[in-house]
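Shown next, in structure tokens, is the structure this report addresses.
Read-outs throughout are calculated quantities, based only on the coordinates presented, and are distinct from any laboratory measurement. Given the structure is predicted, the values throughout are model-derived calculations rather than measurements. Neighbour counts run over all protein chains shown; Cβ positions are idealised from the backbone, glycine included.
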Amino acid sequence: MSRTEPSMLETLAARLREALGQDAVIASPAAHHRGDRAVPGAADTRFLLVLPHDVEGVQAALRLAHGTRTPVVPRGAGSGLSGGAVAIDGGIVLGLERLDAIREIDVLDEVAVVEAGVITADLSAALAPEGFFYAPDPASDTISTLGGNIATNAGGMRCAKYGVTRESVLALEAVLADGTLLRTGHRSLKGVTGLDLTQLLIGSEGTLAVIVAATVRIHPLPTARRTVLARFPTTAQAVGGVNAISRSPVRPAATELLDAGAVADIDALGGSSLGGDGTGAVLLLELDGYGIEEQTTDLVAALTGAGGRVQVVAAAQEAARLWELRRSSRAAGGGRARLGEDVAVPKSRLAEMFTQLEEIGRRHGVATSAVAHAGDGNLHPALSLPATPEDPAGALPGPILAAADEVVRAALELGGTISGEHGIGTAKQHWLDLELTPTSRELQHRVKRSFDPRGLLNPGKAL
């Protein structure tokens, strides 16, 4: 795409301000609006940040963009980790943060109707007085938005029991590239009329339409919750603990595995003692619902039988501290050249994936660690060179990139996928042909052209 003359952006900004209001258009956005948490975007990118106040404002902005053939990058909170919200030179970054209304909570239908800018954790906070909660819980739930979660089909720690975002979305309001408002899905739990456009839009990363509101499923707050911590001498034995759970009657709401490297990183960063006396790996689990004592008994038996040293965490404050340590794992390892990955494999192949990760690290001289949503086979390996300072321009050393390529290919060979929950964005496009056939890719491009014939919505991303 050729660079756009500044006067063209200025003209577009004036038209947008006339349609949406003066405060809705920012001609010199802050640097963080150029990208997301993983991909910062080029420093010389010229773009307009547009912040509509309502759905009608989103429609007006897209109509103007369509008429002037201006590319549009939809943006939630910018908390993504794949480059899906990176600005495009001469384009618009369309921020949905002001669409933050919880329109309705209906406990009889067990649904909530929310706008795209609602912060994920805020929805559960609003539901709590009604005795309900929203199940998907990405690690960024205190900053990420529902619209962004839907656009990337975000996961989280409770996915093993409650499913990823798509399992909680019944209906959508989305604005097409030309400004047309599209409503998909049903408020009812069942409905099979027509093609399922709701599920097609979930995970499409803003390439098909701009999601502005959703009808989501909500769940009654569990009658009880309990945290269990199990320490194992090795990662392989911790995976054995996961397998033991699979063979038992208990199904934890969350099953998080932290290998020795991840535990060491967390303890070094936070001054904690999660690793205890030289623990090789940790399983952090949450049980919820009725029969909590029976669930606990079955879980402890399974983990102890697999060689774990098991602690049932009685104090709520201590349980909260442990889960906060788990959430902090992505921030561990500062001051190094470091890349965080996101792959998934069938749960039964977790042990092989961890073994291959260690072998890949040794081959390339790269330090490895990993945390995993072990209940559904989703791993977040970290690859780093401890003696190498981070490049301020974001460039990563060759050994890390080579190791990452092998990690992704290993996941595919084990029957997995190149991205479990972070999405493709710009960061993972070069691996698409490893997973998708030419027929599949061409069909997806045809779908894209049907929704967005001028190719203006998040061009160069995901597909």
### Task
Note down the relative contact order for the chain as a percent, whole number, built from C-alpha pairs under 8 angstrom at least six residues apart.
15 percent
### Query
Rounded if a/c is under 1.5, else prolate if a/b beats b/c, else oblate: with a ≥ b ≥ c from the C-alpha gyration tensor eigenvalues square-rooted, which is segment 113-165?
oblate
### Message
Among DSSP bridges having both ends in segment 6-95, what percentage is antiparallel? Round to the nearest 5.
### Response
20 percent
### Residue exposure sequence - Thr304, Thr279, Thr193 - by fewest surrounding Cβ within 10 Å
Thr193, Thr304, Thr279
### Message
At a 10 Å Cβ-Cβ cut-off, how would you order Val447, Val118, Val228, fewest neighbours first?
### Response
Val447, Val228, Val118
### Message
Output the 0 to 90 degree angle, nearest 10, between the alpha-carbon long axis of helix 235-247 and the longest principal axis computed from the alpha carbons of the chain.
### Response
90 degrees
### Task
Output the relative contact order of segment 354-463, whole-number percent, from Cα pairs under 8 angstrom with separation of 6+ residues.
20 percent
### Theoretical ellipticity at 222 nm over the chain - DSSP helices of four or more residues, -39500 (n - 2.57) apiece, nearest 500
-10000 deg cm²/dmol
### Summary
Quick note, segment 39-95: a/c under 1.5 would make it rounded; otherwise a/b > b/c is prolate and the rest oblate (a ≥ b ≥ c, C-alpha gyration tensor); here it is oblate
### Partner lysines for Lys428 [C-alpha distance under 18 Å; skip if fewer than 8 residues away on the same chain]
Lys461
### Task
Find how many whole Å separate the alpha carbon centroid of segment 438-452 from the alpha carbon centroid of segment 48-94.
22 Å
### Shape of segment 102-220, Cα gyration tensor, a/c cut at 1.5
prolate
## Note on the structure
Straight-line reach check, Lys161, cutoff 25 Å on alpha carbons, 8 or more apart in-chain or any other chain, hits among lysines -> Lys190, Lys347
## Note on the structure
Going from the fewest other Cβ atoms within 10 Å to the most, one would list Lys190, Lys461, Lys347 as Lys190, Lys347, Lys461
